[in-house]
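Asker: Would you mind keeping the following structure in view while I ask a few things?
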Amino acid sequence: MFARGETIVQLMEKLAPKHYAVPDDKIGLQVGTAAKEVKRVLVTLDVTPAVVREAEELGAELIIAHHAVIFRPLANLRTDTPSGALIAQLLRDDIAVYISHTNLDTTEGGINDWMADALELSGRDVLEEVHTDQLYKLVVFVPETHHEKVRDAMFAAGAGWIGNYSHCSFNTSGTGTFLPREGTEPFIGERGKLTKAEEIRIETVVPLSARKKVISAMLKAHPYEEVAYDLYGMDLKGRSFGLGRVGKLAEPESLDDFAERVKKAFDVPFVRVVGGGDRPIRKVAVLGGSGARYIRHAIFAGADVLVTGDIDFHSAQDALAAGIAIVDPGHHAEKIMKPNVASWLTGQLKEKGYATEVFASQVDTEPFRLR
């Protein structure tokens with residue numbers, strides 16, 4: 001059995017929810033349709049003519065990319081322009097394109113975490129907050145015999161987190177009353193008779209991102225036909241999601257040694273470095289893509305160095321004057337997403353029993369070369 005495109009999109013939005021993207025980012029399905037069976041998926045950083053040929057040769061019906069095919073509004077769709085010809089080829093081959101961009105940067109376990117993993121950074125924080133999960137208090141009344149089953153089901157679905165504490169709840173004993181009417185099949189009591197039941201009032205915290213999943217798990221585990229529960233909005237701040245990561249190396253090392261670490265971690269032939277080669281590096285900020293505008297965020301976070309791409313001349317001068325080092329491995333360092341997304345999606349599809357195959361693109365879309 002092969003997964004349909006809609007199912008694969010749902011899985012990608014489980015990894016990188018769309019509401020984690022920065023405003024006006026060009027994400028989602030951009031070309032073709034997801035309403036079809038997909039036997040093969042190709043994961044790529046960019047969609048180029050060479051990548052489309054690779055998809056054709058693989059027989060892939062869906063491309064998942066990080067960078068948008070359609071980034072600016074289209075005034076026309078002319079097949080005598082490079083962008084128009086590319087879209088026309090995708091449509092002729094019936095290859096859909098789905099984009100996961102800043103939502104994949106922002107999410108936990110996404111590009112910025114993969115980059116931090118590659119650099120072996122510990123004790124991480126977000127560099128710039130993009131989204132904070134709204135918190136709700138969920139209250140549900142459960143018979144004493146089932147309260148642990150229902151509570152554990154909610155915890156497993158994502159409830160009960162306050163900061164770094166999990167399984168948080170408050171449980172109060174009390175007596176519930178209800179009168180089952182005609183047509184009911186009560187778990188406790190009899191139709192037409194007022195029933196008193198010893199129940200537990202369970203209170204726990206639920207983030208917006210897990211709300212539907214938690215409520216579904218709670219209802220499934222609950223023995224009652226009609227479940228009494230309340231959901232309240234809270235002012236308490238939930239988990240923050242954002243661009244970039246800040247963490248620490250296990251031991252300090254020189255900037256030149258750290259630059260070699262970056263080259264190896266991101267499999268790039270060279271890096272551009274701002275700062276003296278012997279200066280000590282311990283606290284590191286990393287941000288995939290173009291990060292010149294985040295230099296001040298890295299300084300505010302107390303980072304010794306910022307690892308990011310596309311640093312321009314004047315930004316490099318400003319960083320040097322401000323006393324922060326920079327290591328620029330290029331925008332293309334984000335290619336780290338290809339094997340990671342392919343591996344994650346493969347695992348999800350296999351777990352659900354689908355035979356759809358996922359491939360990481362082997363095409364190098366780096367536009368620059370050294371002479």
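Bear in mind these aren't lab numbers, they're just calculated from the coordinates by the rules spelled out. Just so it is clear, the model here is predicted, and its values are computed rather than measured. So basically every Cβ, Gly included, is an ideal-geometry build from the backbone, and we count neighbours across all protein chains shown.
Asker: Let me know the volume per residue of the alpha-carbon convex hull for region 231-370, in Å³. Mind showing how you got there, number by number?
Answerer: Details: hull volume 24.5 nm³, N = 140.
In region 231-370, the Cα hull volume divided by residue count equals 175 Å³.
Asker: How far apart, in nm, are the 7 Å Cα→Cβ label points at residue 168 and residue 227?
Answerer: 2.2
Asker: What FRET efficiency comes out for the pair residue 139/residue 279, r = Cβ-Cβ distance, R0 = 56 Å, nearest 0.05?
Answerer: 0.55
Asker: Can you give me the long-range amide H partners of residue 40? Hydrogens built in the peptide plane at 1.01 Å from N, cutoff under 5 Å, separation of 5 or more residues or another chain.
Answerer: 61, 62, 357
Asker: With both bridge residues required to lie in the chain, what share of the DSSP beta bridges run antiparallel, to the nearest 5%?
Answerer: Numbers: 46 of 65 bridges.
Around 70 percent of the beta bridges assigned by DSSP in the chain are antiparallel ones.
Asker: Looking at the P(r) of the chain, how many percent of alpha-carbon pairs lie beyond 32 Å? Display every interim value, and only then the final one.
Answerer: Values: 32486 of 68635 pairs.
Here the long-distance tail beyond 32 Å is 47 percent of all Cα pairs in the chain.
Asker: Would you please name the trypsin sites (Lys or Arg not before Pro) within region 190-232 that are DSSP coil residues with at most 13 other C-beta atoms within 10 Å of their C-beta?
Answerer: Working: sites: 191, 193, 196, 201, 211, 212, 213, 220; in loops: 191, 193.
Here the trypsin sites (Lys or Arg not before Pro) that fit, given the DSSP loop and packing criteria, are 191, 193.
Asker: Which FRET efficiency, nearest 0.05, do residue 179 and residue 216 yield, Cβ-Cβ r, R0 25 Å?
Answerer: Details: r = 28 Å, r/R0 = 1.10.
After rounding to 0.05, the efficiency reads 0.35.
Asker: What's the longest uninterrupted piece of the chain once you rule out the GluC sites (Glu not before Pro) that are loop residues per DSSP with at most 16 other Cβ within 10 Å? Walk me through the numbers on the way to the answer.
Answerer: Working: sites that count: 108, 120, 182, 190, 225, 226.
In the chain, the maximal stretch lacking such sites is 227-371.
Asker: Would you please put 323-330, 87-94 in order of how densely packed they are, using the mean number of other Cβ atoms within 10 angstrom per residue and starting with the highest?
Answerer: On the way: 323-330: 21.6, 87-94: 15.5.
Top to bottom by mean Cβ count within 10 Å: 323-330, 87-94.
Asker: Taking every pair of distinct Cα atoms and averaging 1/r, then inverting, what Kirkwood hydrodynamic radius in Å comes out for region 131-240?
Answerer: Values: mean 1/r = 0.0683 Å⁻¹.
The Cα-based Kirkwood calculation yields 14.6 Å.
Asker: Set the bar at 26 Å for Cα to Cα. Now go through 213/352; 196/237; 26/350; 212/338 and name every pair that lies beyond it.
Answerer: Details: 213/352 17 Å; 196/237 38 Å; 26/350 29 Å; 212/338 30 Å.
As for pairs spanning more than 26 Å Cα to Cα, those are 196/237; 26/350; 212/338.
Asker: Also: Could you calculate the FRET efficiency of residue 352 with residue 198 from 1/(1 + (r/R0)^6), where r is the beta carbon distance between them and R0 is 45 Å, rounded to 0.05? Could the numbers behind the result be given before it?
Answerer: Working: r = 39 Å, r/R0 = 0.88.
Using R0 = 45 Å, I get an efficiency of 0.70.
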